[in-house]
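Working notes, structure below.
Read-outs throughout are calculated quantities, based only on the coordinates presented, and are distinct from any laboratory measurement. All of these numbers come straight from a predicted model, not from anything done at the bench.
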Amino acid sequence: MPEGHTIHRAATEHRGLLAGREVEVRSPQGRFADGARLLDGRRLDDVEAHGKHLFYRWDTGDIVHVHLGLFGKFRRHEGTPPEPRPTTRLRMAVPAGAIDLTGPTACALMDEGGRERILTRLGPDPLRDDADPERFVRRVLRSRAPVGTLLMDQSVIAGVGNVYRAESLFARGIHPSREGRDLTEDEARALWDTVREMLRDGVRRGRIITTSPHELGIPRSRMRRGDRTYVYRQDACRRCGGPVERWTVAGRNAFACPACQPGR
DNA sequence: AAGAATGTTATGTA
DNA sequence: CTACATAACATTCT
């Protein structure tokens, strides 16, 4: 379930619950046993999000790196949590509540060097105040790769996944197959702005909704799963009603409305 | 209940 | 060297 909005939301939530406190750390199945043993009872100092990556800083100087991948998920329990399930990779508990992690691509101990190694291969993250949009714009305008590929490339822009790729390009009327260098500077900047707005909205709502009930002609209360996107996983474009193209790029589904997103 | 899914990385092939 | 495709890995939901 995770694109950048999920990660930044988790960082805020986990910081609020855990930071500055001594945390009970557990890892059933021994999957993170070494880390859990080392960190159990230590103080968590901070939680940082960058793109889809999370970094938990501990008073030992250790950093726990978490990447949710495709299946990773956090669950929160208030108060005393139930016994962790066998698939629980990491539990961080304080008296007020607990965070459980399942299915991550990455959950590993590292040091500052490891964190920096990851950050150097990440592009600007539109959810971060320190992000430089021009880095994204330059990279896009110089590349002959399709803009749909560039948006999913975490070294070009960090935090965008398959849904935001489809929906942000739709919002700007840009076909994913257009080459980066064929975009105008204005298009590239507007694309960054759109992605940032969508991500912020995702953080606020805790889910991705890029459609407006007004445009769909559905009352907000009747909106359901399937009404949340214009082209992502749609057969018909929710704006013009025309057929949505669906094809595979690097093993992932890509979506576009050829009428609303001209250019290849 | 098989199949699909909001990811990344390493390795193979053209 | 680049640019692809494919496999591997993780789990839940329909």
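Short-range pairs are left out: with C-alpha atoms under 8 Å and at least six residues apart, the relative contact order of region A:4-120 is 27 percent. For chain A, the mean residue ellipticity at 222 nm estimated from helices alone is -9500 deg cm²/dmol, where every DSSP H run of n ≥ 4 contributes -39500 (n - 2.57) and the total is divided by all residues, rounded to the nearest 500. Look at the Cα gyration tensor of chain A: its axes a ≥ b ≥ c give a/c of at least 1.5 with a/b over b/c, and that counts as prolate. Would region A:96-152 count as rounded, prolate or oblate if I go by the C-alpha gyration tensor, calling it rounded below 1.5 in a/c and otherwise prolate when a/b exceeds b/c, oblate otherwise? Cα axes put region A:96-152 in the prolate bin. Shape verdict for region A:4-120, please, from the Cα gyration tensor: rounded (a/c under 1.5), prolate (a/b greater than b/c) or oblate. Here region A:4-120 falls in the rounded category.
Look at the alpha carbon pairs under 8 Å that are at least 6 residues apart: their mean separation over the length of chain A gives a relative contact order of 16 percent. Output the DSSP H helices from chain A with an along-axis C-alpha extent of no less than 24 Å and a mean Kyte-Doolittle hydropathy no less than 0.5. Span-like helices in chain A: none at all.
Database remark: amide H of residue A:107 closer than 5 angstrom to the amide H of A:67 (H placed geometrically; neighbours at sequence offset of 5 or more, or on other chains; Pro and chain starts carry no H).
Backbone geometry of region A:246-259 corresponds, through the Karplus equation with coefficients 6.51, -1.76 and 1.60 at θ = phi - 60°, to 3J(HN,Hα) couplings of 9, 8, 10, 10, 6, x, 10, 6, 10, 9, 7, 9, x, 6 Hz, x marking Gly and Pro.
For region A:58-74, putting each phi into the Karplus relation 6.51 cos²θ - 1.76 cosθ + 1.60 with θ = phi - 60° gives couplings of 10, 5, 7, x, 6, 10, 9, 9, 10, 10, 6, x, 7, 10, x, 8, 9 Hz, in residue order, rounded to whole numbers and with x for Gly and Pro. Amide H of residue A:45: which non-local residues (sequence gap of 5 or more, or other chain) have their own amide H closer than 5 Å, using H built in the peptide plane? Residues meeting the amide H criterion: A:20, A:57, A:58, A:59.
Annotation: amide H-H contacts under 5 Å for residue A:52 (H modelled 1.01 Å from N, sequence separation of 5 or more, or interchain): A:159. Pairs of Cα atoms nearer than 8 Å and 6+ residues apart set the relative contact order; for region A:28-83 it is 21 percent.
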